[in-house]
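These notes concern the structure reproduced below.
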Amino acid sequence: MSSAIDGWVHEKESAWLYGQVAACEPDPAKRRLFEQLGRAAEQQALKWKASQPGRDFVYRPSLRARIVAAVVRRTGPRAARPVLAAMKLRGLSVYTSGSAQGHAMPTSLAQIGERHRGMSGGNLRAAVFGANDGLISNAALIMGVAGSGASTGTLLTTGIAGLLAGALSMAAGEYVSVRSQREMYEYQIALERDELAAYPDEEAEELALIYQARGIDLEQARSMSRSLLERPEQALDALAREELGLNPDDLGSPWAAALFSFGAFATGAVLPLVPLMAGLDGHAAIVGSALMTVGSLAALGLAISLFTGRGALSGALRMVLIGGGAGLLAFLVGRLLGVTLG
């Protein structure tokens with residue numbers, strides 16, 4: 001298909017989906033936003049059609065669009081935000097947690113994007129859960145091999161191999177995940193940059209409509225959006241945040257995510273190995289590894305309770321029971337296999 005037909009199909013699909021979202025949106029202001037965005041997409045589709053006189057244009061919703069619409073009807077627009085973002089619908093920032101909590105709308109250009117600054121506890125939470133994964137998986141591996149009657153040297157070798165295999169697997173998975181997400185975001189921002197250059201007035205109006213839905217007077221919103229266009233990079237930043245729900249300054253580094261994941265998993269996985277690396281041998285090494293695991297599980301359970309809202313002691317006990325149960329089961333299976341195969 002030509003670029004004109006591609007553009008027409010994209011705008012018609014967007015208009016159709018905006019209609020589906022508006023039909024399911026109970027909030028009048030948000031519903032008006034999506035209805036207006038739908039009309040804007042229809043107008044854009046007409047421009048694409050006018051650029052190809054004499055050609056027949058027939059639109060039928062794609063299977064993907066129909067599935068997304070079904071998800072919206074089933075879950076509601078707020079819960080379906082990730083799939084709507086993947087369809088490059090605008091205005092989804094009205095469903096962000098910040099808007100739901102009623103943060104103040106910006107009233108000047110200097111305030112655009114200001115609320116996105118700052119750090120969260122996401123990295124700490126990821127580190128705790130990553131260490132927990134490494135601890136339980138490697139402890140269970142060591143206990144399983146110990147149950148088979150393996151020597152201390154074999155246990156140490158197995159534990160180091162388990163640490164490296166698990167940490168490398170986690171790092172590779174995190175790299176691919178963040179890399180793919182970053183490429184998708186960069187593609188969406190690049191499309192937004194092209195549209196801003198080609199249709200500045202339409203983009204300014206869409207941004208003004210979003211601000212209106214978020215509680216600001218329409219004329220003031222239009223004045224802000226028109227002023228914003230005088231600074232293209234700042235305008236692109238605002239459009240990415242408000243229309244796409246993306247933070248261009250926080251797309252994430254695949255390598256940083258991979259190294260962080262590797263380190264978190266390895267930190268937990270090394271704990272059951274400490275008694276073995278300290279020189280304990282035989283029965284003492286197994287008991288020492290088990291005690292180190294139980295103590296570490298309790299500490300991680302306490303840390304995890306900070307994120308889950310559970311009581312600290314109950315969180316620690318639950319983690320000990322879960323991780324300890326996994327290690328005990330692995331030990332029994334290893335003992336059974338050791339007797340059977342030995």
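The values are calculated or read from the model by the stated rules, or taken from the named source; none is laboratory data. All values derive from a computational prediction rather than experimental measurement. Because the Cβ atoms are built from the backbone with ideal geometry, glycine has one as well, and the counts that use them run over all protein chains shown. For accessibility, only protein heavy atoms count, side chains too; no ligands or nucleic acids. Shrake-Rupley method; radii C 1.70, N 1.55, O 1.52, S 1.80 Å.
Each Lys or Arg adds one and each Asp or Glu takes one away; over the other residues whose Cβ falls under 9 Å from the Cβ of residue 57, this sums to +2. Of the whole protein surface, residue 187 contributes about 140 Å² of accessible area at a 1.4 Å probe radius. For region 1-70, the relative contact order comes to 44 percent (Cα pairs under 8 Å, sequence separation of at least 6). If you find the alpha carbon centre of region 27-48 and of region 171-238, how far apart are they in angstrom? Centre-to-centre (Cα) distance: 16 Å.
Sorting 326-336, 274-284, 36-46 by their mean Cβ neighbour count within 10 Å, with the most densely packed peptide first, gives 36-46, 326-336, 274-284.
In terms of solvent-accessible area of protein heavy atoms at a 1.4 angstrom probe, what is the ranking of 25, 183, 205, highest value first? Spell out each step's value before the answer.
Working: 25 15, 183 90, 205 65 Å².
Result of the area sort, largest leading: 183, 205, 25.
The packing ranking of peptides 129-135, 258-264, 57-63, 192-198, highest mean first, is 129-135, 258-264, 192-198, 57-63, where packing means the average number of other beta carbon atoms within 10 angstrom of each residue. Of the listed residues 237, 201, the order by accessible area with a 1.4 Å probe, largest first, is 201, 237.
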